[in-house]
Amino acid sequence: MKKFVLFSFVSLLVLGVSLTVYGFFIEPKRITVKHHELGENNGQNSIRLLQLSDIHLQKNYSIEQLEKIVAAVNEEKPDIVAFTGDLFDNFANYGPVEETAALLSRIEAPLGKFAVWGNHDYGGGAVNAYAQLMAAGGFKLLENTGEMIQTSNQKNLYLSGIDDSLFGSPSIESAMSYRTDAAYSVLLSHEPDVVEPAVDFDVSLILSGHSHGGQVNIPFFPVTTALAEKYIGGFYSLGDQTELYVNTGLGTSMIPVRIGVPPQVVVFDLYI
């Protein structure tokens with residue numbers, strides 16, 4: 001009996017240490033790429049839209065990691081890149097502007113690079129640098145606005161974005177007001193729980209982040225955050241025509257740990 005108890009204790013200790021090492025030092029740096037096809041493939045060319053979210057640059061997730069993210073993005077050869085917010089974790093503690101902008105400028109996307117505000121892009125003094133930094137990196141910041149993009153098959157894609165819902169002044173109605181004749185509409189919103197009204201504007205796809213998927217996957221007890229309590233990760237159907245995808249992000253916040261929720265870059269091949 002004593003040997004069994006000792007064996008059980010040692011096994012639990014080893015498991016705990018292994019999970020700690022994996023969760024703090026291995027999984028947070030393991031970039032994964034997810035691919036999804038949307039629409040019917042009738043032999044036409046797809047539009048490759050790549051989403052990045054929640055990079056949360058900080059001392060333990062630094063410029064070196066961003067360089068790996070940029071390499072992973074360019075390897076996918078996207079037509080469009082969309083960033084759904086939270087570039088730095090706490091800009092006041094770690095915010096190398098020039099190096100970050102230089103790396104972002106290396107991302108290649110012939111039909112455009114777009115971004116929206118996240119809550120951390122307002123906090124820690126980032127509000128004074130984020131817009132200029134993203135512009136220097138070649139990203140167009142969508143603040144309740146949108147842009148018509150003509151694709152190679154002569155169909156228009158409308159890409160729009162709203163301001164952050166925690167610290168900004170978001171308006172889906174304003175973001176959609178710039179749309180004219182579009183075969184497909186995409187809306188970017190950092191927080192996912194605020195996007196249900198987009199159904200009334202015939203949005204095809206909504207891309208969000210913010211949740212980090214809880215960072216630690218605890219079965220039956222999801223870890224949630226404000227405005228990402230209902231929609232935590234993956235695809236959700238909103239009405240008959242609108243899909244929401246919640247990206248679980250790349251970096252971490254609060255505690256630098258990920259277990260069962262690896263950092264992700266998400267690629268959508270859109271057939272419109």
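The values are calculated or read from the model by the stated rules, or taken from the named source; none is laboratory data. A quick note: this is a predicted structure, and the numbers were derived from the prediction, not measured. Neighbour counts are summed over all protein chains in view; Cβ atoms, including those assigned to glycine, are modelled from backbone coordinates with ideal geometry. Calculation scope for accessible area: heavy atoms of the full protein, side chains included, ligands and nucleic acids excluded. Shrake-Rupley method; radii C 1.70, N 1.55, O 1.52, S 1.80 Å.
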Counted residues in the stretch 152-164 being open to solvent by 10 Å² or more (accessible area, probe 1.4 Å) and of a type in the set (S, T, Y) come to 1
Over the stretch 26-59, the set of residues over 30 Å from Q150 (Cα atoms), open to solvent by 70 Å² or more (accessible area, probe 1.4 Å) and part of a loop (DSSP other than H, G, I, E, B) is R30, K59
Counting only residues in the stretch 165-184 that are within 15 Å of N119 (Cβ to Cβ) and hydroxyl-bearing (S, T, Y), the one most open to solvent (accessible area, probe 1.4 Å) is identified as S169
For the stretch 60-83, the count of residues that are in a loop (DSSP other than H, G, I, E, B) and either of a type outside the set (G, A, S) or open to solvent by 30 Å² or more (accessible area, probe 1.4 Å) (or both) equals 5
- Message: Being closer than 19 Å to D54 by Cα and of a type outside the set (F, W, Y): is that true of G251 here?
- Response: yes
*Do the conditions hold for D269, that is, is it modelled with pLDDT under 95 and among the acidic types (D, E)?*
no
Subset of the stretch 84-138, residues of a type in the set (D, E, K, R), part of a helix (DSSP H, G or I) and buried (at least 16 other Cβ atoms within 10 Å of the Cβ), comes to D121
Quick check: is even one residue across the stretch 250-260 within 30 Å of Q44 (Cα to Cα) and buried (at least 23 other Cβ atoms within 10 Å of the Cβ)?
no
So, first residue at positive phi in the stretch 144-168, second residue at pLDDT below 95 and open to solvent by 60 Å² or more (accessible area, probe 1.4 Å), Cβ within less than 8 Å, six or more apart or across chains; the pairs are none
